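The values are calculated or read from the model by the stated rules, or taken from the named source; none is laboratory data. This one's a predicted model, so the numbers in the text were calculated from it and none came from an experiment. Cβ placement follows ideal geometry from the backbone for every residue including glycine, while neighbour counts extend to all protein chains displayed.
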Amino acid sequence: MLTSLSQASLLLSVPLLAHGRALGALAIARREGAYTMADRQYLQGVAGRLALAYDNAARFRNERHLALTLQRALLPQALPQVPGLRTASYYEASASGAEIGGDWYDVIALPDGEMGLAIGDVMGHDVDAATVMGRLRSTLRGFALDRASPGVLLGKLDAYLRSLDVDHFATCLYAVYEPRTRRLRYAASGHLPPLLAAGGTTSFLDVCPNAPLGLADEPPVGHETRLPPGAGLLLFTDGLVENSHLPLDDGLAALRRACDGLTPPVLADPQAFIDRALGLLDIPGRVDDDTALLAASAP
């Protein structure tokens, strides 16, 4: 039975100390019987463990908040829009740990009304990975504004990453879309292929196998296609399709099935494409990893 402090005859207060800081006090009250030295020592031990647990939880919460704030600050704050192409994005951090991930995306308004679309994943979950991610994103923007073709751009980005002398490699996919001709040029360095939704069906664009940035022996092969009217394009990182219960090919097939049936009226809103793809996050066995998505619709 709980006893109010006004009824208690004996009250013992033990400070909660962690790393030299007082976090509060543990108050113990009972109606009869003096506290022995053994009681006091035991309660001091309980108070010490409680203080450390609380302090660790507070530190973890603060570190994770700072990590997520930094991660999101390195991503685009807004996506540019140009006539003939609409874009939407999504980012979700890993649910475990306070570390910063290396997943990223970008949309770059290029001269002559073209649009550059990029997505990548720096291997690792630490501040170094996030730093490399930020440097790769800014460097890719510079190469893109110099009008480098996707394959050439990724070759330059590979050389840049090697020059940093860091123990990280990265996957990346870069595409350039020209709304006037509906031409899409793209290349990938170790990254998963984009998903194309058109006419109610889905398919992955062809991507020649190539090593990630930092490990490639030669620039990746460039590809070219034309997007049908009303088509949607989805770029994503592997956190969307990785599943501990399924091979990667099965995860990719599940993404196709999840997005089948999307019609041009729905695809006119790229956010609808993302919302449909996010259904994969509810499949049991999903690997807990950062996830980035970038969707584009071509009316």
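Between Gly214, Gly232, which is farther than 22 Å from Gly102 by Cβ and either buried (at least 19 other Cβ atoms within 10 Å of the Cβ) or without any contact (Cβ under 8 Å) to a residue 12 or more places away in the chain (or both)?
Of Gly214, Gly232, the one residue that is farther than 22 Å from Gly102 by Cβ and either buried (at least 19 other Cβ atoms within 10 Å of the Cβ) or without any contact (Cβ under 8 Å) to a residue 12 or more places away in the chain (or both) is Gly232.
Exactly one condition in (1) of a type in the set (D, E, K, R); (2) at pLDDT 95 or above; (3) assigned to a helix (DSSP H, G or I) is not met by Asp106; state its number.
Unmet for Asp106, out of (1) of a type in the set (D, E, K, R); (2) at pLDDT 95 or above; (3) assigned to a helix (DSSP H, G or I): (3).
How about region 37-59: which of its residues are in contact with a Gly (Cβ under 9 Å, 6 or more places away or on another chain) and more than 15 Å from Ala27 (Cα to Cα)?
Once the filter is applied, which keeps residues that are in contact with a Gly (Cβ under 9 Å, 6 or more places away or on another chain) and more than 15 Å from Ala27 (Cα to Cα), region 37-59 yields only Tyr54.
Answer yes or no: is there a residue in region 34-43 that is closer than 30 Å to Ala118 by Cβ, at pLDDT 70 or above and of a type in the set (Val, Ile, Thr).
no
Restricting attention to region 186-205, which residues are part of a loop (DSSP other than H, G, I, E, B) and either surrounded by 15 or more Cβ atoms within 10 Å (Cβ to Cβ) or at pLDDT 95 or above (or both)?
Gly190, His191, Leu192, Pro193, Pro194, Leu205
Taking region 243-299 on its own, how many of its residues are more than 15 Å from Thr87 (Cα to Cα), modelled with pLDDT of 90 or more and in a loop (DSSP other than H, G, I, E, B)?
5
Looking at Ala231, Ala216, which is the one that is more than 24 Å from Val127 (Cβ to Cβ) and modelled with pLDDT of 95 or more?
Going through Ala231, Ala216 in turn, the sole match is Ala231.
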